[in-house]
Amino acid sequence: MKTKTTIGTWIGFILIMLWCLFPVAWILSLSFKSEGETATGSPQFLPKDPTLDNYSAILDNGDFTRALVNSFGIAIIATALSVIFATLAAYAIARLEFKGKRLVLSLALAIAMFPVVSLVGPLFDMWSTFGLFNTWPGLIIPYMSFTLPLAIWTLSAFFREIPWEMEQAAQVDGATSWQAFRKVIVPLAAPGVFTAAILTFFFAWNEFVLAISLTSTTASRTVPAQMSFFVGPDPFNPPYAQLATASVIVTLPVIVIVLLFQRKIVAGLTSGAVKG
Amino acid sequence: MAAIEMKNIVKQYGDGFPAVNDVSIDVEDGEFLILVGPSGCGKSTLLRMIVGLEDITDGDMVIGGKKVNDLAPRDRNLSMVFQNYALYPHLTVYENIAFPLRLAGKPDSEVDEKVRAASKTLELDEHLERKPGNLSGGQRQRVAMGRAIVRDAEAFLFDEPLSNLDAKLRGQMRTEISRLQKRLGITTVYVTHDQTEAMTLGDRVAVLKRGVLQQHATPRELYENPCNLFVAGFIGSPPMNFLPATVKGNQVELPFGTVTIPEDKAAKAQGKGLLIAGIRPDHFEDANVVDSDKVTDEATFKATVDVVEWLGNEAYAYIPFEAPPEVEKQLQQLERDLDGESLRTQLVVSLDGASRIAEGDEATIWVDARKIHLFDPATGENLTMDAEHAGIVPGGNAMAKAEEVGEQQDAVQPGSDQATT
């Protein structure tokens, strides 16, 4: 009976993995195919003649590398600011009793519920007027506002889990409120901070609608937007191999970040703080 | 090190809940003071006001001759051990102990020296590099104490530090805390609801009820001269027996018979009608094992023993009795105040281990009549208290005042006496 369920679990697991990873594998395989091979009528799964030409070509493409720099810069700045603000806001929400606390929380949620597309028009007009169109801040600001609510909700849940006494103990030990926050509360909320940071980073890294609408040149265009310009000379025959390569390159940082932070997102870090 | 003076301390919460009411306690330099009382009596609140985690509504908190009402906790230089230890889980034991020193910006060499000294005292040397999550309850407790002693604090504050340990460890840690405090000679305030800890650890004990100070005295004084029914019932284990009593001359009529009490005690209780007599279980004995010259008819009575619990060195015998309704109500109220719930009025008698009294026997019990206390059932006051040996008894009727405060508390938060500390 036990082996039966184990086998069943594995079959289901493999099916789901195939379903999810097959497109990824296809893109990966495409990125190693030559231009000619992608254009053939019935391509095979594995490249006949694996080549790195696509990679060298795309990394030589100044527009793409510029977009990569934009993507990194914008995503990292948006993440950092969003996490800092969210940490402070979430701490206040978790610890302090003030009027309108619920209002702040529900407003934050309401913002997150707006469809991004509905804001593109007004934002475009506003940014043109303010001179923020086609600049880094022009993307960083909306990315922050869309990710802050989620970050605040995640972090305030984490802060609520941390016993008040931790902080009181620190204060009795001679810490100022700020020291207690920085040396005790933030390290304890680290899993929450990293979770919020990763979610924010992914949003900013993958975002397309705002990136394409609020930029006009490679001065601030991010990779997802830039990729839509990879049309090649023949509109009926887009450079599939190059597109796939760009996709692989843009996915790599995401995978690396997840692997790096996976260790940091250790649940139960607070166990042992109070009686066990 | 410093003395702590609490002058007319009042704590009223935002919703009007009167948690601590006009409490004045002086803790001398180097003294070990215990704050004790049933849950919800304001003892933890009082401690948190000393350390500065709770604002003081009214009154003065003076530490080392300096008024500290408006100082932040970090400026009071006190160290505290929390009930659940509040260790920093992301730091090693070493860094946990070093934390106050690091905050004070001490050089590494000094930090190391002091942490090593503290860890040696508490036998934590082999655990210094571990995280609190990997330690046992007793070890965590020691780390929390290490963090407290590593700093030259003015005073130690303990908030029920042993309540999360099992019974055996609790006994060991109790001795350890006592030894440490004696050695360091540092002023200590210790909150507990456990009367054994209160009796064994404290130089003096302050008994609180509903945020009102009842009596502030040495453990011996509390035990021998409780100022009212509440203190009498709270201190001592098993608790003092309360029996309806009528005094005629120097004769006290108890449900089981009449005993003769000393003249001076009898004089204080004349003409008061129905009283409550308080007799500790150890002031009874099986007449067969008492020296024959002590046993007289005036001091013995016959009663049928219901249950006997034999513990080897002693035995507890239970003898049920009927209490008149006017006393019974008072006794039940008292029982509730003490966090208990009695199903019947019964007498608990502590017998010598050599006693052969068995369940269902009609036993002859001797009572040490000199040790009987007589309480006024209306006010709860101890009429036979020896005021010279009763420590500090606040003026007015503390028990009645606590009753009054209790009604106010219930008006704000019904069932507040059940609140956890």
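The values are calculated or read from the model by the stated rules, or taken from the named source; none is laboratory data. Computed from a predicted model, the values in this text were never measured in an experiment. Neighbour counts run over all protein chains shown; Cβ positions are idealised from the backbone, glycine included. Surface areas here come from the heavy atoms of the whole protein model, side chains and all, with no ligands, DNA or RNA. Shrake-Rupley method; radii C 1.70, N 1.55, O 1.52, S 1.80 Å.
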*Consider B:Gln181 carefully, then state whether it is outside the structural domain of B:Asp352 (by TED's automatic domain parsing) and either out of contact with any Pro (no Cβ under 8 Å at 6 or more places or on another chain) or open to solvent by 20 Å² or more (accessible area, probe 1.4 Å) (or both).*
yes
*Restricting the search to the stretch B:46-87, which residues are away from chain A (no Cβ under 14 Å), part of a loop (DSSP other than H, G, I, E, B) and of a type in the set (Asp, Glu)?*
B:Asp70
*Could you tell me which numbered condition B:Ala217 fails, if it satisfies all but one of (1) outside the structural domain of B:Ser24 (by TED's automatic domain parsing); (2) within 31 Å of the chain's Cα centre (by Cα)?*
(1)
_Against the definition (more than 24 Å from the chain's Cα centre (by Cα), within 12 Å of chain A (Cβ to nearest Cβ) and outside any loop (DSSP other than H, G, I, E, B)), how does B:Arg147 come out, yes or no?_
yes
*Restricting to the stretch A:161-194, what's the tally of residues that are open to solvent by 40 Å² or more (accessible area, probe 1.4 Å) and farther than 25 Å from B:Arg147 by Cα?*
1
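Here's the yes/no breakdown for (1) within 21 Å of B:Gly37 (Cβ to Cβ); (2) charged (D, E, K, R); (3) within 17 Å of the chain's Cα centre (by Cα):
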{"site": "B:Asp152", "(1), (2), (3)": "no, yes, no"}
{"site": "B:Leu169", "(1), (2), (3)": "no, no, no"}
{"site": "B:Ser178", "(1), (2), (3)": "yes, no, yes"}
{"site": "B:Lys182", "(1), (2), (3)": "no, yes, no"}
_Check on B:Phe230, open to solvent by 10 Å² or more (accessible area, probe 1.4 Å) and outside the structural domain of B:Met145 (by TED's automatic domain parsing)_ = no
_Going residue by residue through the stretch B:136-144, is there one that turns out to be out of contact with any Leu (no Cβ under 8 Å at 6 or more places or on another chain), aliphatic (A, V, I, L, M) and open to solvent by less than 10 Å² (accessible area, probe 1.4 Å)?_
no
*Boolean, A:Ala112 is in contact with a Phe, Trp or Tyr (Cβ under 8 Å, 6 or more places away or on another chain) and within 17 Å of A:Thr200 (Cβ to Cβ)*: yes
*Among (1) assigned to a helix (DSSP H, G or I); (2) away from every other protein chain (no Cβ under 14 Å); (3) of a type outside the set (S, T, N, Q), which single condition is A:Trp178 missing?*
(2)
*Restricting attention to the stretch B:79-126, report how many residues are open to solvent by less than 20 Å² (accessible area, probe 1.4 Å) and within 24 Å of B:Thr175 (Cα to Cα).*
15
*So B:Ile149, is it open to solvent by less than 10 Å² (accessible area, probe 1.4 Å) and within 22 Å of B:Thr200 (Cβ to Cβ)*: no
*Return the pairs, sorted by first residue and then second, in which the second residue is open to solvent by 40 Å² or more (accessible area, probe 1.4 Å) and of a type in the set (D, E, K, R), the first residue lies in the stretch A:165-185 and is within 18 Å of B:Lys106 (Cα to Cα), the beta carbons are less than 7 Å apart, and the residues are 6+ apart or on different chains.*
A:Ala170/A:Lys183; A:Gln171/B:Arg74; A:Gly174/B:Arg74; A:Ala175/A:Lys183; A:Ala175/B:Arg74; A:Thr176/B:Arg74
*asked:* Checking A:Ser220 against (1) more than 14 Å from every other protein chain (Cβ to nearest Cβ); (2) of a type in the set (Gly, Ala, Ser); (3) over 20 Å from A:Ser247 (Cα atoms); (4) surrounded by 18 or more Cβ atoms within 10 Å (Cβ to Cβ), only one condition comes out false. Which one?
replied: (3)
*Looking at this structure, is A:Leu214 away from every other protein chain (no Cβ under 14 Å) and open to solvent by less than 10 Å² (accessible area, probe 1.4 Å)?*
yes
*Scan the stretch B:70-88 residue by residue and report those that are touching a helix residue (DSSP H, G or I) at 6+ places or on another chain (Cβ under 9 Å) and not aromatic (Phe, Trp, Tyr).*
B:Ala72, B:Pro73, B:Arg74, B:Arg76, B:Leu78, B:Ser79, B:Met80, B:Val81, B:Gln83, B:Asn84, B:Ala86, B:Leu87
*Test B:Arg130 against the stated conditions and say whether it is out of contact with any Leu (no Cβ under 9 Å at 6 or more places or on another chain) and part of a loop (DSSP other than H, G, I, E, B).*
yes
*Select from the stretch A:131-175 the residues that are away from chain B (no Cβ under 14 Å) and among the polar types (S, T, N, Q) and list them in ascending order.*
A:Asn134, A:Thr135, A:Ser145, A:Thr147, A:Thr154, A:Ser156
*Selected residue [surrounded by 10 or more Cβ atoms within 10 Å (Cβ to Cβ), among the polar types (S, T, N, Q) and within 27 Å of the chain's Cα centre (by Cα)] from A:Thr65, A:Thr40*: A:Thr65
*Does B:Glu381 satisfy the condition of being charged (D, E, K, R) and closer than 30 Å to B:Asn8 by Cα?*
yes
